[in-house]
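Notes follow once the structure below has been shown.
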Amino acid sequence: MKNLDVHLKGSPLRLVKDASNWKKWWSMRLIILTALFQSIVIAYATLPSDWLPGVPEGVKTALAFGALITAAAAGVARVVQQPALEKGNGNS
């Protein structure tokens, strides 16, 4: 994270104190999962038209709802305290 601090020098952006714990934050985990769902949806949109009927409707629906739910959960997780991180053990 020190390299990022150097690049942000002079910028109004500042890292949070525990930015190195980003892998332990549930909000980040859910954002990554949302990106995965969205990537699959985008990949589906680029499939050749003769492949499209081969993908079941339920799969498309599940991907759409998965992206929606994980994005909403990430927003909630962002404001919920993670006691394990506050205690410093990081097992959350």
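Residues of region 49-92 that are among the polar types (S, T, N, Q), at pLDDT 85 or above and either over 19 Å from Leu36 (Cα atoms) or more than 16 Å from the chain's Cα centre (by Cα) (or both): Thr61 alone. In region 73-92, the residues that are on the phi < 0 side of the Ramachandran plot form Cβ pairs under 7 Å with partners that are hydrophobic (A, V, I, L, M, F, W, C) and at pLDDT below 80, at six or more places apart or across chains, as follows: Asn91/Ala84; Ser92/Ala84; Ser92/Leu85. Looking at region 24-55 only, could you name the residues that are buried (at least 16 other Cβ atoms within 10 Å of the Cβ) and either part of a loop (DSSP other than H, G, I, E, B) or of a type in the set (S, T, N, Q) (or both)? Result: Trp25, Ser27, Thr34, Gln38.
Each residue in region 5-23 was checked for being surrounded by 12 or more Cβ atoms within 10 Å (Cβ to Cβ) and among the hydrophobic types (A, V, I, L, M, F, W, C), and 4 of them qualify.
The values are calculated or read from the model by the stated rules, or taken from the named source; none is laboratory data. In this text the structure is predicted, and so the values were computed from the model without any measurement. Counting neighbours? That spans all protein chains shown, and the Cβs are built from the backbone with ideal geometry, glycine included.
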